[in-house]
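Taking it in order: structure first as structure tokens, then the write-up.
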Amino acid sequence: TIADSIGASLYYFTIPNKENVCFQYLPDYYTKVNDVTRFAKLQKKLQANDIASYDCIKQLMTSDQQVYFKQDTHWNKRGAYVGTLAYLKAVHPQLDEAWLRNVSFDDGQEDYQITDLIRLSMLTNTLKDVKPVETFHPEMDVNWYALYDSTVIESVNDDAPLNETLLVVGDSFRNSMMPFLSKAYRRCFFVRRDNYYSAYLSWLDPDEIMMEGVERYAYDNFSFLLKDGGETYPLFQVESVDWGADVPETDQ
């Protein structure tokens with residue numbers, strides 16, 4: 001694979017659809033056609049072909065926390081934390097996770113939120129939900145870079161337990177994972193899958209690549225590494241902030 005050519009480890013990480021984790025909350029008239037999902041079939045096929053593929057559905061289903069937004073198909077920061085732990089335990093089982101256990105959240109007060117399910121239901125300013133935010137402020141630098149037609153976010157944490165560079169290519173679910181992955185890896189790059197180009201690999205030189213995708217788009221994960229840019233542009237820095245001073249809110 002392209003990852004092998006640069007000596008990087010490649011992992012598929014799939015986040016389950018909200019309805020598969022919270023099925024008990026759906027109305028009774030919604031029935032399961034089959035207990036075996038498309039993702040379960042995909043996961044079985046990947047593992048049969050010795051492709052490193054992981055998910056976090058068991059951890060999310062057994063959590064005693066609210067891990068998805070009530071008004072949204074996305075997970076919240078609590079769900080992202082559960083998912084990040086599941087990934088790290090699978091990929092780095094030797095890692096002492098005690099350093100990450102010291103994480104707390106501020107749920108704040110319930111408030112109206114304009115999110116995807118609310119927009120689809122035309123119920124804006126009708127239903128309330130909490131918006132968990134992690135309270136730890138890791139001392140690290142966060143940089144924004146312009147590459148082709150997209151933005152790449154970089155985090156640098158010299159105190160991280162994993163002295164590796166991680167490239168996360170995924171969808172909107174990756175955003176809520178950023179603070180937790182940035183605490184684990186010395187260097188992280190985050191880019192949206194739609195705006196990824198293979199030239200990024202030579203520029204960013206990752207040790208590890210996470211192909212993140214929510215279950216409903218899991219099959220798209222196989223195409224992004226083949227995408228190539230027509231021209232090559234150097235990285236140029238757009239903005240830099242100290243994440244230890246102000247943690248951006250990126251819940252979706």
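A few notes on this one:
- Scanning region 106-120 for residues that are among the hydroxyl-bearing types (Ser, Thr, Tyr) and more than 16 Å from residue 67 (Cβ to Cβ) yields a single hit, 112.
- Residues that are in a helix (DSSP H, G or I) and open to solvent by 10 Å² or more (accessible area, probe 1.4 Å), drawn from region 155-177: 172, 174, 175
- Conditions (1) closer than 27 Å to residue 218 by Cα; (2) modelled with pLDDT of 85 or more; (3) among the aromatic types (Phe, Trp, Tyr); number of the one not met by residue 145: (2)
- In the set (1) of a type outside the set (Asp, Glu); (2) in contact with a helix residue (DSSP H, G or I) (Cβ under 8 Å, 6 or more places away or on another chain); (3) in contact (Cβ under 8 Å) with a residue 60 or more places away in the chain; (4) in a loop (DSSP other than H, G, I, E, B), residue 137 fails one condition alone, (2).
- Taken together, the residues in region 20-79 that are more than 30 Å from residue 125 (Cα to Cα), of a type in the set (Val, Ile, Thr) and out of contact with any Phe, Trp or Tyr (no Cβ under 7 Å at 6 or more places or on another chain) amount to 5.
- Filter result (of a type outside the set (Ser, Thr, Tyr), assigned to a loop (DSSP other than H, G, I, E, B) and surrounded by 14 or more Cβ atoms within 10 Å (Cβ to Cβ)) within region 66-97: 66, 67, 69, 70, 71, 72, 74, 76, 92, 95
The values are calculated or read from the model by the stated rules, or taken from the named source; none is laboratory data. Everything quoted here is computed from the prediction, not taken from an experiment. A quick note on method: Cβ atoms are made from the backbone with ideal geometry, for glycine too, and the neighbour counts reach across all protein chains shown. Areas reflect the complete protein model, heavy atoms only, side chains present, ligands, DNA and RNA absent. Shrake-Rupley method; radii C 1.70, N 1.55, O 1.52, S 1.80 Å.
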